[in-house]
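Below is one structure; the comments refer to it alone.
Where a number appears in this text, it was derived from the coordinates with a stated rule and is not lab data. Only a predicted model underlies this, so the values are computations on that prediction, with no experimental measurement involved. With ideal geometry, Cβ positions are generated from the backbone for all residues, glycine too; neighbour counts draw on all protein chains shown.
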Amino acid sequence: MSAYADGLRFECTQCGNCCTGAPGYVWVSPPDTHAIADHLGLSIVEFLSRYTRLVSTVLSLVEKPGGDCVFLDEDRRCTIQAVKPRQCLSYPFWPRLLASREAWNEEAVHCPGMNEGPLYRPEEIDRIANRETPREGVCRVFQKVRARS
Ligand code: SF4
Ligand code: SF4
């Protein structure tokens, strides 16, 4: 039986916790790149050079000193909400957090929206989680590497 057979509750409080703190990675796929560059009125090259960095062979958003996302404003709001990367869109319904209730509840310590709000049915969760791209698979590898280091 899946760890979320009874569904999971989630409602984002807009606290900004998942966009701040220790350095990490926000992977940017080609569709993300086009959408964000268009939203910002930048060419692809301008967007890539100003706002992304290459991690191995994968693009991630740059961060401010301290680790906050470059697109988080002073009120801890995402300034590219309408076009934020798919990795952000699917949070917290990430495969590694859906793997067990323990993993989900550990993450909920940092995300006050988890276990609160409307109930998402398993099929809705699958639909959101299946936004996963190969880029996010790489993200999981990096998270494992970071967890070990
Ligand atoms: S940590 Fe959770 S509640 Fe806070 S902004 Fe991120 S998703 Fe929303
Ligand atoms: S793009 Fe927006 S939602 Fe994603 S980490 Fe940055 S500020 Fe947060």
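Observations on the model:
- Each other residue within a Cβ distance under 15 Å of R77 adds +1 if Lys or Arg and -1 if Asp or Glu, for a net charge of -1.
- One compactness figure for the chain is 1.05, namely its Cα radius of gyration divided by 2.2 N^0.38 Å.
- Simple label model, 7 Å out from Cα along Cβ direction - T57 to C12, nm: 3.1 nm
- Amide H partners (placed H, <5 Å) of Y120, local residues excluded: L8, R9, F10
- Excluding the site residues themselves, the longest part of the chain lacking any GluC sites (Glu not before Pro) in a DSSP loop with at most 13 other Cβ atoms within 10 Å is 75-149.
- Residues whose amide H lies under 5 Å from that of T52, counting only those 5 or more places away or on a different chain, are V62; hydrogens are built 1.01 Å from N in the peptide plane.
- Cα pair distances of the stretch 1-88 binned at 10 Å [whole percent]: 16, 45, 26, 11, 2
- Loop trypsin sites (Lys or Arg not before Pro), the stretch 36-114, which have at most 14 other Cβ atoms in a 10 Å radius of their Cβ (DSSP): R76, R77
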